[in-house]
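These notes concern the structure reproduced below.
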Amino acid sequence: MDNSNSNPNANNQNKTSKDQQLEQFTVDNDGKNLTTNQGLNVSEDEHSLKVGERGPTLMEDFHFREKMTHFDHERIPERIVHARGFGAHGYFQVYESMKDYTKAKFLQDPSVVTPVFVRFSTVAGSRGSADTVRDVRGFATKFYTEEGNYDLVGNNMPVFFIQDAMKFPDFIHAVKPEPHNEIPQAQSAHDTFWDFVVHNTESAHMIMWAMSDRSLPRSFRMMEGFGVHTFRFVNEEGKAHFVKFHWKPVLGTHSLVWDETQKLAGKDPDFNRRDLWDAIESGNYPEYEFGVQMIPEEAEFDFNFDILDPTKVWPEEIIPVKIIGKMTLNRNTDNFFAETEQIAFHPGHVVPGIDFTNDPLLQGRLFSYTDTQLSRLGGPNFHEIPINRSVAPVHNNQRDGMHRMTINKGPVSYHKNGIAGNTPKPVPPEKGGYEHYTEKVEGRKVQARSDSFKDHFSQAAMFWNSMSDVEKMHIVSAFQFELGKVQRKEIRQQVVDLFAHVDSDLATRISEGIGTIPPQTSGSASSESSPALSMMNTVKLPLTRKVAVLAGNGFTDELPFVLSQLQQAGIIAEVVSPKLGTIKGKTSGELEVQHSLLGADSVLFDAVLVAGGALSVSELLTEPKTLDFIKEAYQHFKPIGAIAEGANLLPSANGEGIVIAQENEELKPFGQAFMEAIAAHRHWTRAI
Ligand code: HDD
């Protein structure tokens with residue numbers, strides 16, 4: 001990916017306003033004296049103050065006490081959900097003015113660069129859990145706009161488990177480790193989760209997504225994002241549109257294979273965060289296009305689902321996604337805690353031109369987020385933490401509280417006042433002050449749910465109908481794996497019975513092998529399908545894919561040629577060999593070995609290339625892991641290329657995604673075919 005011309009951070013002049021603001025708070029300790037927090041130079045940092053060399057230790061050692069006290073308080077409460085996350089800085093630009101639909105300033109002018117910070121996360125696991133567990137991924141974006149911070153706090157799935165925020169604590173309690181023994185960590189494969197599902201049937205649609213490969217993203221860079229709720233765009237004239245937000249990754253949407261994710265959880269629990277970090281460090285900046293689906297207010301009731309129901313998608317074939325801009329992530333954090341851990345998102349952080357709807361899930365979220373920051377970040381001044389500061393100036397009469405940083409001058413801290421000329425003063429809407437949309441609302445106070453929210457199965461069936469055979473197979477296996485871990489047989493049966501309401505074929509297939517009675521009814525809750533829901537129909541590009549090049553001393557000359565072909569296409573090739581160091585070619589050339597076979601695994605790569613040369617092949621065979629490495633890549637449906645004798649190590653000489661260069665064959669077409677196989681991501685026909 002050539003980002004050289006599109007990076008506003010490429011030189012000092014082009015730093016975003018947020019980068020410049022953060023710089024004021026950034027401290028570089030390199031080459032500096034060691035001091036206490038009071039600025040006193042410290043002369044001794046290894047030995048506490050004692051009476052004689054063998055003690056006792058003295059209380060008087062203020063540096064020891066300060067160092068220890070700070071250490072003792074280094075931890076803050078982890079997020080109650082989405083505890084494990086990883087973030088990066090970047091910027092957003094709109095492609096064309098959206099002024100017909102919204103007055104949001106950051107969506108008006110393509111030349112305006114809006115700084116962003118994005119935090120990706122898993123939901124259920126603790127902060128130290130593995131990246132690749134089966135889970136929904138959070139996709140939260142903070143836009144530092146000139147009108148204040150706008151937070152789009154979404155997920156990588158477009159629907160949610162529940163329809164009313166009242167149920168959120170129950171749902172989270174059910175999915176988190178069970179309270180009596182705190183088992184299992186970061187997994188939904190346990191009794192309480194599935195007990196919740198069968199008793200809260202509104203979750204059926206989201207369960208289909210959670211059991212699909214969407215739960216196993218190959219990379220944060222290859223993951224869609226969704227605002228989930230229906231929001232509102234409001235333009236200068238006060239005209240409103242209902243709107244749903246989408247992030248579409250430029251690299252396409254791709255997933256791992258379940259067996260691979262489980263192995264990765266042990267081999268590299270940081271797989272997704274390392275991938276994001278490395279991509280940004282190497283200049284392969286992740287890009288996501290921003291899309292909106294819009295429905296004019298008058299059309300609110302034109303659909304066979306309630307557009308305010310967060311368990312429903314708006315099928316893209318009916319309401320197209322208009323692509324309106326692009327986000328690029330181009331800078332890693334300087335400090336994980338200060339930035340990624342302390343960032344505080346809130347769906348209620350909006351700007352003029354973006355408003356809420358009456359979605360009862362969204363309404364509840366509007367309370368929860370600020371509330372959670374109070375205990376997580378220790379008080380009401382978390383907006384002053386550098387990563388949370390808006391780039392727009394902040395002036396109000398809020399005062400004091402724990403950890404207040406701002407020094408507000410003067411005697412006035414109230415409105416209205418005469419002493420300060422009644423400032424800070426409210427700004428009228430026509431001058432940019434936020435005005436809530438004047439929606440007309442009437443009705444009785446009730447604790448109930450609209451009948452229009454009560455169809456729990458049609459879109460779950462639509463999702464199932466939209467999947468390819470392989471995707472369906474993975475969904476069934478996921479259900480079987482999860483339910484296989486459920487101890488209570490009656491819950492397993494209830495799940496089968498519940499999903500019989502979605503699609504009897506699905507339920508019958510789930511039922512096979514989990515000791516339950518298959519459904520007695522047949523049929524499906526919907527005959528509709530939406531091709532946009534299948535990941536098979538996504539963008540397929542070889543860019544930034546990682547290839548393990550298995551080679552030993554004596555590799556033949558074709559290898560360097562193919563490697564340069566791959567490099568030119570933006571593919572990352574890393575040499576794996578029995579030993580670290582360098583390996584020599586049969587006639588010429590030398591290659592640096594990046595991984596010894598001991599430390600490398602096929603699950604860490606997207607594809608495998610085996611070098612030619614009888615010597616190289618026999619050296620590879622001195623390490624028994626070589627054959628397992630290739631076999632595992634094959635079982636995970638990955639593309640495998642081999643040059644000449646290298647083909648002898650393959651478990652199969654033909655089949656989808658297997659590309660072999662015979663001796664003396666022209667190499668260019670081989671390289672091309674291998675790259676196409678890499679772009680295809682996985683070669684699923686091996687499974688059928
Ligand atoms: Fe939430 C965090 C996304 C429903 C209450 N949520 C949180 C994060 C994401 C989401 C991405 C992590 C943000 C970060 O990286 O710091 N949440 C969602 C989506 C939902 C949703 C897409 C449904 C459409 N959430 C939801 C409900 C409630 C919450 C219904 C409660 C009423 N969520 C929280 C929270 C968290 C949070 C407890 C935990 C940490 C935090 O906010 O800052 O307030």
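FYI, it's all coordinate maths here, none of it is from the lab. Fair warning: this is a prediction, and the values are worked out from it, not measured in the lab. Neighbour counts run over all protein chains shown; Cβ positions are idealised from the backbone, glycine included.
Once both labels are modelled 7 Å past Cα along the beta-carbon direction, what's the Asp109-Asn335 spacing in nm?
Here the answer is 3.4 nm between the modelled labels.
Rg and Dmax of segment 475-619 over Cα atoms: what are they, in angstrom?
According to the Cα coordinates of segment 475-619, Rg and Dmax are 24.4, 69 Å.
Kindly give Rg over Rh for segment 193-347, based on alpha-carbon atoms, with the Kirkwood expression for the hydrodynamic radius. All intermediate terms of the calculation are to be shown ahead of the outcome.
Numbers: Rg = 18.5 Å, Rh = 18.3 Å.
We get a ratio of 1.01 for segment 193-347.
Restricting to DSSP H runs of at least four residues, report the calculated mean residue ellipticity at 222 nm for the chain, -39500 (n - 2.57) per run over all residues, nearest 500 deg cm²/dmol. Display every interim value, and only then the final one.
Working: 16 runs with 169 residues, N = 688.
Only helices count here, giving -7500 deg cm²/dmol.
Just round it to a whole percent: the fraction of Cα-Cα distances in the chain exceeding 41 Å.
On the way: 89023 of 236328 pairs.
Above the 41 Å cut-off, the chain has 38 percent of its Cα pairs.
Based on a Kirkwood Rh over C-alpha pairs, give the Stokes-Einstein translational diffusion coefficient of segment 203-275 at 20 °C and viscosity 1.002 mPa s in µm²/s. Let's see the in-between values first.
Working: Rh = 14.7 Å.
It comes out at roughly 146 µm²/s.
Of Ile323, Ile295, Ile678, how do they rank once you tally other Cβ atoms within 10 Å and put the fewest first?
Working: Ile323 14, Ile295 18, Ile678 26.
With the fewest neighbours first, Ile323, Ile295, Ile678 line up as Ile323, Ile295, Ile678.
Residue separation times 0.36 nm, minus the C-alpha to C-alpha distance between Asn422 and Ser522: what's the value? Walk me through the numbers on the way to the answer.
On the way: separation 100, 0.36 × 100 = 36.00 nm, distance 7.03 nm.
Value of the extension gain: 29.0 nm.
Below 24 Å, Cα to Cα, which lysines can Lys322 reach? Residues fewer than 8 away in the same chain don't count.
Within reach: Lys99, Lys103, Lys105, Lys142, Lys239, Lys244, Lys248, Lys312, Lys540.
Using just the Cα positions, wrap segment 592-678 in a convex hull and report its mean projected area in square nanometres, one decimal place.
Across all orientations, segment 592-678 yields a mean hull projection of 5.6 nm².
Report the Cα centroid-to-centroid distance between segment 351-406 and segment 581-622 in angstrom, as an integer.
Value for the Cα centre distance between the two parts: 53 Å.
What is the Cα radius of gyration of segment 60-127 over 2.2 N^0.38 Å, N being its residue count? Intermediate values should be presented prior to the final figure.
Values: Rg = 21.2 Å, N = 68, 2.2 N^0.38 = 10.9 Å.
Rounded to two decimals, the normalised Rg is 1.94.
Could you derive backbone 3J(HN,Hα) for segment 392-400 from the dihedral phi with the Karplus parameters 6.51, -1.76 and 1.60 (θ = phi - 60°), listing whole Hz in sequence and x where the residue is Gly or Pro?
6, x, 10, 9, 7, 9, 6, 9, 6
Among the trypsin sites (Lys or Arg not before Pro) in segment 495-560, which ones are in a DSSP loop with at most 16 other Cβ atoms within 10 Å of the Cβ? Mind listing them?
Working: sites: Arg509, Lys540, Arg545, Lys546; in loops: Lys540, Arg545.
Answer by residue number: Lys540.
If the cut-off is 24 Å between C-alpha atoms, which lysines fall inside it for Lys263, apart from same-chain ones fewer than 8 positions away?
Result set, ordered by chain and number: Lys176, Lys472, Lys485, Lys546, Lys579, Lys625, Lys631, Lys638.
If I require 20 Å or longer along the helix axis, counting alpha carbons, and a Kyte-Doolittle average no lower than 0.0, what helices from the chain are left? Use full DSSP H segments.
On the way: long enough: 360-376 (24 Å, -0.46); 469-484 (22 Å, 0.23).
For the chain, where a helix must reach 20 Å along its axis and average at least 0.0, the hits are 469-484.
Taking only the alpha-carbon atoms of segment 516-596, what semi-axes of the equivalent ellipsoid follow from 5 times the gyration tensor eigenvalues under a square root, in whole Å, largest first?
47, 18, 9
Could you run the Debye sum over the Cα atoms of segment 540-687, one equal point scatterer each and no solvent, and tell me log10 of I(q)/I(0) at q = 0.10, 0.13, 0.15 Å⁻¹, two decimals?
-0.27, -0.47, -0.65
Tell me, how many Å apart are the Cα centres for segment 472-498 and for segment 37-53?
60
In square nanometres, what is the average projected area of the Cα convex hull of segment 300-432?
12.6
Quick one: which residues, 5+ away or cross-chain, put their amide H under 5 Å from the amide H of Ile514? H built at 1.01 Å from N.
Residues meeting the amide H criterion: none.
Considering only DSSP beta bridges with both partners in the chain, what is the antiparallel share in %, to the nearest 5? It would help to have the intermediate numbers written out before the result.
Working: 62 of 81 bridges.
So the antiparallel bridges in the chain amount to around 75 percent.
Taking the Cα centre of segment 533-656 as origin and charging only Cβ (+1 Lys, Arg; -1 Asp, Glu), how large is the dipole, in debye to the nearest 20?
Working: 9 positive and 13 negative charges, 37 e Å.
Roughly 180 debye, rounded to the nearest 20.
Taking the dipole about the Cα centre of the chain, with the C-beta of Lys and Arg at +1 and of Asp and Glu at -1, give me whichever of Leu627, Asn422, Ser527 is farthest to the positive side.
Asn422
Given +1 on the Cβ of Lys and Arg, -1 on the Cβ of Asp and Glu, and no further charges, what dipole in debye does segment 460-536 carry about its Cα centre, rounded to the nearest 20?
On the way: 6 positive and 9 negative charges, 63 e Å.
Its charge dipole is roughly 300 debye.
Short version: ³J(HN,Hα) in whole Hz for each residue of segment 135-148, in order, from phi by Karplus 6.51 cos²θ - 1.76 cosθ + 1.60 (θ = phi - 60°), x for Gly and Pro, what are they?
Computed from phi, the couplings for segment 135-148 are 6, 6, 10, x, 9, 10, 10, 9, 9, 8, 8, 5, 9, x Hz.
Sort the following peptides by mean Cβ neighbour count (other Cβ atoms within 10 Å, averaged over residues), highest first: 255-262, 225-232.
Working: 255-262: 20.2, 225-232: 22.8.
The peptides rank, most packed first, as 225-232, 255-262.
Taking amide H positions as placed 1.01 Å from N in the peptide plane, with prolines and chain starts having none, which residues 5 or more places from Leu216, or on another chain, fall under 5 Å of its amide H?
Amide H neighbours of Leu216: Leu256.
What size of dipole, in debye to the nearest 20, comes out for the chain about its Cα centre when the only charges are +1 on Lys and Arg C-beta atoms and -1 on Asp and Glu C-beta atoms? Intermediate values should be presented prior to the final figure.
Numbers: 67 positive and 91 negative charges, 234 e Å.
Once rounded to the nearest 20, the dipole reads 1120 debye.
Under 19 Å from the Cα of Lys409, which aspartates and glutamates turn up, not counting those fewer than eight places away in the same chain?
Candidates past the 8-residue exclusion: Glu384, Asp400.
If you wrap segment 460-536's Cα atoms in a convex hull and average its projection over all directions, what's the area in nm²?
Numbers: hull surface 19.1 nm².
One quarter of the hull surface, i.e. the mean projection, equals 4.8 nm².
Which one of Gly379, Phe561, His229 has its Cα pushed farthest toward the positive end of the charge dipole of the chain, where Lys and Arg give +1 and Asp and Glu give -1 at the Cβ?
Looking along the dipole axis, the top candidate is Gly379.
Would you please name the GluC sites (Glu not before Pro) within segment 83-179 that are DSSP coil residues with at most 15 other C-beta atoms within 10 Å of their C-beta? Walk me through the numbers before you get to the answer.
Values: sites: Glu96, Glu146, Glu147; in loops: Glu96, Glu146, Glu147.
Passing both the DSSP loop test and the Cβ count: Glu96, Glu146.
In terms of modelled amide H atoms, which long-range or inter-chain residues lie less than 5 Å from the amide H of His349?
Residues meeting the amide H criterion: Asp151.
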